[in-house]
Amino acid sequence: MKRLTYKFSNSSTDYYLAYGISHLKEFVDQKNAVIITDENVFSDHKKRFKTWRVVVLQPGEEQKTQATVDSVIAQLIMMEADRKTTLIGVGGGVITDITGYVASVYMRGIKFGFIPTTLLSMVDASIGGKNGVDVGIYKNLVGTIRQPSFILHDLIFLNSLPQPEWINGFAEIIKHACIKDAAMFRELETNSLKKYQSRKVLVCKLIQRNALLKTRVVQQDEFEKGDRKLLNFGHTLGHALENQYELAHGQAISIGMTYACHISKQITGFKETERVVGVLDKYGLPTYAKFDKQKVFKALKLDKKRERDEISYVLLEKIGKGVIKTISLDQVEKIIEGL
Ligand SMILES: NC(=O)c1ccc[n+]([C@@H]2O[C@H](COP(=O)([O-])OP(=O)(O)OC[C@H]3O[C@@H](n4cnc5c(N)ncnc54)[C@H](O)[C@@H]3O)[C@@H](O)[C@H]2O)c1
Ligand SMILES: [Zn+2]
């Protein structure tokens, strides 16, 4: 068990790493707290929610909407939640994004914390303060940036995590290794998904390393003026693919990372595409996929990171060193078409 505090520009977050959810009541007043979770997490871990007031939502990205936010707010009013109430999101990224957003707007902002229950939310979604909801096809279009007061990791939740969700989480872990941590990349090359799943200590260390890596990136650039953009490695093309095809987020960004490596080769002289592809493949992620390049390119052009006819693209100089380059859309199109 490890407790650490990280400062952000105008708040700080306590991290309770490798804790148990049973410790929650030691620092959150149960009388003034409401847990928000989803049906999958709740049904697999019912006994862990005993003695807490709980709002249970339907699972799934489709639920990440303003309508769900409104229904949560209605329930908070019924429970007489007030400015002293702490909201606790116990779930994957959908739940933590909704919880952070509701807490940011309810009574102009109340305290909130997270207990991430997917690998992806432990290493990524629960960190950094971005929260919000989707509007139609526009993912995360509405939201705020506000840091949680605490994040607690209880790895017991991973016991019920379905295999595809493990793989999704590894996509973001590999992303972190590519942009910032060559030593972790080598560790991922040596190990395997099976090994991490069977060795609690290994996975626990890996999760902490990734959570802290993202935390440091966010601390240095909370409002995404520069380096935080590196976290979008694989996401530009990934989002375009995700919108067009039935792909899990991890699969989409995995293909996105593969293509970003090829673009890097031409722009930065990156030479290690095959190693990146090898690791993605090792963790069950797709790399080269056939897709309708015209259609996906059209979606890419609508990407919110577009500035006139140029696009801000995250590339690799080498493994462990991501860079942000502005490239013209024409050039991206030419490279992607040539692949
Ligand atoms: N705020 C951010 O910075 C940030 C970063 C990355 C992703 N996100 C968001 O996170 C979301 C994706 O997060 P996710 O992959 O965790 O998705 P998710 O919350 O939909 O969880 C994935 C699935 O796993 C189930 N689940 C969760 N924990 C479980 C457990 N312990 N046992 C069994 N089942 C469990 C859920 O019910 C769901 O069906 C997206 O909406 C994305 O936009 C946000
Ligand atoms: Zn992602």
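Among the chymotrypsin sites (Phe, Trp or Tyr not before Pro) found in the range 237-293, those both in a DSSP coil and sparsely packed, with 13 or fewer other Cβ atoms within 10 Å of their Cβ, are Y288. Here the Karplus relation 6.51 cos²θ - 1.76 cosθ + 1.60, evaluated at θ = phi - 60°, turns the backbone of the range 314-324 into coupling constants of 8, 10, 10, 8, 8, 5, x, 9, x, 9, 9 Hz, with x for every Gly and Pro. Computed from the Kirkwood radius of its Cα pairs, the Stokes-Einstein diffusion coefficient for the chain at 37 °C and 0.692 mPa s stands at 160 µm²/s.
In the context of the full set of protein chains, residues of the range 79-189 present 32 Å² of accessible surface per residue (probe radius 1.4 Å, heavy atoms only). The three principal axes of the C-alpha atoms in the range 62-176 carry coordinate ranges of 40, 32, 22 Å, sorted with the longest axis first. Counting only DSSP beta bridges with both residues in the chain, the antiparallel share comes to about 50 percent.
Rounded to the nearest 20 debye, the dipole magnitude of the chain is 900 debye, with +1 charges on Lys and Arg beta carbons, -1 on Asp and Glu beta carbons, and the Cα centre as origin. Overall, the range 82-175 carries a charge dipole of about 420 debye about its Cα centre when +1 sits on the Cβ of Lys and Arg and -1 on the Cβ of Asp and Glu, all other atoms neutral.
Average accessible surface for the range 1-50: 57 Å² per residue, computed with a 1.4 Å probe over protein heavy atoms with every protein chain in place.
Placing F112, F223 in order of accessible area, with the largest value first and a 1.4 Å probe, yields F223, F112. Along the range 2-7 the Karplus relation, 6.51 cos²θ - 1.76 cosθ + 1.60 evaluated at θ = phi - 60°, assigns HN-Hα couplings of 9, 10, 9, 10, 10, 8 Hz to successive residues, with x for each Gly and Pro.
Rolled with a 1.4 Å probe across the full set of protein chains, the surface gives V55 an accessible area near 0 Å².
Distance between the C-alpha centres of the range 88-125 and the range 176-247: 19 Å, rounded to the whole angstrom. Summing Cβ point charges (Lys, Arg +1; Asp, Glu -1) relative to the Cα centre of the range 113-222 gives a dipole of roughly 280 debye. Of the residues G169, I137, A182, the one whose Cα sits farthest towards the positive end of the charge dipole of the range 109-187 is I137 (charges of +1 on Lys and Arg Cβ, -1 on Asp and Glu Cβ, taken about the Cα centre). Need one value: the accessible area of S198 in square angstrom, 1.4 angstrom probe, rounded to the nearest 10. The accessible area comes out at roughly 90 Å². By the rule of a C-alpha distance below 25 Å, with chain neighbours fewer than 8 residues away ignored, the lysines paired with K195 are K2, K175, K180, K205, K214, K282.
The values are calculated or read from the model by the stated rules, or taken from the named source; none is laboratory data. Not measured: the values here are computed from a predicted model. With ideal geometry, Cβ positions are generated from the backbone for all residues, glycine too; neighbour counts draw on all protein chains shown. Heavy atoms of the whole protein, side chains included, go into the accessibility calculation; ligands, DNA and RNA do not. Shrake-Rupley method; radii C 1.70, N 1.55, O 1.52, S 1.80 Å.
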